[in-house]
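A short write-up of the structure that comes next.
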Amino acid sequence: MSLRIEPFTNEYALYLRDESRSTGEAAYIAFPSDEEAIREALSFARANGLPVTTQGGRTGLAAGAVPHGGLLLNLSRMDRISGPERSGGTVLLRVQPGVLLVNVRKYIEGMRAEYGPLFFPPDPTETTASIGGMTACNASGARTYSYGATRKHVEGLRIVLADSRTVTLRRGAQKASGRKLDLHCDDGSRIALQLPSYRMPSVKNASGYYIEDGMDAVDLFTGSDGTLGVVTEALLKLTSLPEQIWEVGCLLDTEEKALGLVCALRENCRLASLEYFDRGALQVLRDRKRWDASLRGIADVPEHTASLIFAEIHAGSREEAFGELRKLSACLKSCGGDPDATWFGWNAADIRRFQAFRHAVPESVNMLIDERRRKEPGITKLGTDMSVEDKDLRAVFAMYREGLAELGLQSAIWGHIGNNHVHVNILPSSMDEYRRAKELYARWAQRVTDMGGAVSAEHGVGKLKAGFLEIMYGPQAIGEMRALKRSLDPAGMLNPGNLFPPEG
Ligand SMILES: Cc1cc2nc3c(=O)[nH]c(=O)nc-3n(C[C@H](O)[C@H](O)[C@H](O)COP(=O)(O)OP(=O)(O)OC[C@H]3O[C@@H](n4cnc5c(N)ncnc54)[C@H](O)[C@@H]3O)c2cc1C
């Protein structure tokens, strides 16, 4: 069936934005429901000289799916899952890119009787993220602390390139030799790729192309912000769900104690995740809870709480889980925390409540930004996504606190502190504050780079952080990334503006 490519009208205005709260423009929109339709859409774009922006769930925070003209390729109708298949001892699912994470989870739950308890560990908090978007961003989330980001759970990919050729990748089958990768397309043709020469930092990182000597081609397309091809299928590797999952929330009265606890827990406990919320984030949630009935089920946090640390324990038995809990309690005491000021959850309903809490904080902040945008439409979300090495945790917090205090800006900080990766959300109320906040953010990007950190640890670079990517890797590396993209997409048609400004 031929694909309908419609001129863009206001009816589709929703599709011009993502969760970064920035808005774009488009000339056409198409909703392909299979790979052939994507190839057709790309050939239409080539014939008409149009840029193409690919969209999944539009939950991205870096404006990667926000179009700057041309054709909007929305993959929400590519929503089928097939499998499971077994490969050795591994259970795999073949998933189209528009499938939402929430539906992958439901599907896996439905397999339980036959395959036992399994899960797909990447958890970007927002379950309406799509598998295509998660793959393009190499999304992570809380459990990445112990299970790794999306890349680690992708066993294979199908890609449509800008010229409509397809590539089928299976982990281990197409590998680079040093920094040269000979990409085999499904029609038998080959594309010689020269990979950039930079070295990635040894921190959690989703900034620019994943590059290393002898790398797997799956890893190049994963986390490429949709700039090298359109993901039309991902082969996901499932993991056994541990028998015991326990959640602990530690309420602390100073941030210093919280940082001490993080260091102690990292050293002494085996945790699946280690998450953080500061006073500012808890206050935004508290303010919203006063009038938003949908948040009624979310726990109240006492006003004197300065920091809330969530630790998740995954264990094979109750005894093992108790052992970790005892160690956690000892760490808490040694850091001056109060073991009585803790939340505890161990059954499915508790875990859902903890997850709902973790989701409610960023949602409340995003809604606050929407409110501010009604007065000042130029304001967008200004949330950092930077990571540093363990040794720099305190230094990076000191840097954030100093900068915020100096400019007197409201903020909310939360995130994946186990990986020294928190989101500092600056909440400007005027364009003047917004401009100052952006300058501060750029200064932080430079200092994090100087510490050997990454400017994006999980959200991807998209359009909003292209400047920071150049700060992190420098102009030569950007030139090499551009050259790599040109080998696969000579006209720069796919997701122009993501990672680096479009050529010309
Ligand atoms: C409340 C909230 C909390 C969040 N927390 C986290 C978190 O903890 N960790 C985290 O990693 N992220 C988090 N995110 C961000 C977001 O959920 C992730 O970035 C997610 O991976 C985006 O998926 P998506 O389907 O919405 O992608 P989109 O926003 O639609 O697109 C993101 C990028 O992927 C590209 N893309 C989409 N589909 C394809 C495809 N099939 N082929 C090629 N390129 C494609 C787009 O062009 C774009 O560049 C959060 C978002 C929200 C709203």
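A short reminder: the numbers here are calculations on the coordinates, not readings from a lab. All of these numbers come straight from a predicted model, not from anything done at the bench. We place every Cβ from the backbone using ideal geometry, glycine too, and count neighbours over all the protein chains shown.
Kirkwood's formula applied to the C-alpha pairs of segment 425-504 gives a hydrodynamic radius of 13.9 angstrom.
Annotation for LYS106 and GLU303: the two label points, set 7 Å from Cα along the Cα-Cβ direction, are 4.2 nm apart. By the Stokes-Einstein formula, at 1.306 mPa s and 10 °C, segment 105-264 with its Kirkwood radius over alpha-carbon pairs has D equal to 89 µm²/s.
The slack between LEU14 and GLN410, meaning 0.36 nm per residue of separation minus the straight C-alpha distance, is 139.7 nm.
Relative to the current alpha-carbon distance between PHE44 and THR127, full extension at 0.36 nm per residue lengthens the span by 26.7 nm.
Backbone geometry of segment 91-99 corresponds, through the Karplus equation with coefficients 6.51, -1.76 and 1.60 at θ = phi - 60°, to 3J(HN,Hα) couplings of 9, 10, 10, 9, 10, 6, x, x, 5 Hz, x marking Gly and Pro.
Put one equal scatterer on each alpha carbon of segment 69-163, apply the Debye formula with no solvent term, and list log10 I(q)/I(0) at q = 0.10, 0.11, 0.21 1/Å to two decimals. The calculated log intensity ratios at q = 0.10, 0.11, 0.21 Å⁻¹ are -0.28, -0.34, -1.18. Here the relative contact order of segment 244-450, from alpha carbon pairs under 8 Å that lie six or more residues apart, stands at 29 percent.
As an exercise, identify the trypsin sites (Lys or Arg not before Pro) in segment 1-84 lying in DSSP coil whose Cβ has no more than 15 other Cβ atoms within 10 Å. Those satisfying the criteria are ARG4, ARG77, ARG80. Evaluating kT/(6 pi eta Rh) at 37 °C and 0.692 mPa s, with the Kirkwood radius of segment 179-276 over Cα pairs in the Stokes-Einstein relation, gives 183 µm² s⁻¹. Sorted fewest first by neighbouring Cβ atoms within 10 angstrom, PHE119, PHE277, PHE44, PHE344 come out as PHE344, PHE44, PHE119, PHE277. Translational diffusion of segment 5-74, estimated by Stokes-Einstein from the Kirkwood radius over alpha carbon pairs at 25 °C in a medium of 0.890 mPa s, is 205 µm² per second. Database remark: amide H of GLU155 closer than 5 angstrom to the amide H of LEU235, LEU236, LYS237 (H placed geometrically; neighbours at sequence offset of 5 or more, or on other chains; Pro and chain starts carry no H). Cβ-to-Cβ counts within 10 Å put CYS250, CYS185, CYS137, CYS269 in ascending order as CYS185, CYS269, CYS250, CYS137, the fewest first.
Taking Lys and Arg as +1 and Asp and Glu as -1, the other residues whose beta-carbon sits under 12 Å from that of PHE468 total +3. Rounded, prolate or oblate, given the Cα gyration tensor of segment 318-362, with a/c below 1.5 counting as rounded? Oblate. Across every direction, the projection of the convex hull enclosing the Cα atoms of segment 359-504 has a mean area of 9.8 nm².
Between ARG199 and TRP291, the simple spin-label model (points 7 angstrom out along Cα→Cβ) gives 5.4 nm. Here the convex hull built on the C-alpha positions of the chain has a volume of 151 cubic angstrom per residue. If you bin the C-alpha pair distances of segment 244-450 every 5 Å from 0, what whole percents do you get? Calculated over all Cα pairs of segment 244-450, the distribution is 1, 7, 15, 18, 19, 16, 11, 7, 3, 1, 0, 0 percent. Restricting the GluC sites (Glu not before Pro) of segment 230-325 to loop positions (DSSP other than H, G, I, E, B) with no more than 16 neighbouring Cβ atoms within 10 Å leaves GLU243, GLU303.
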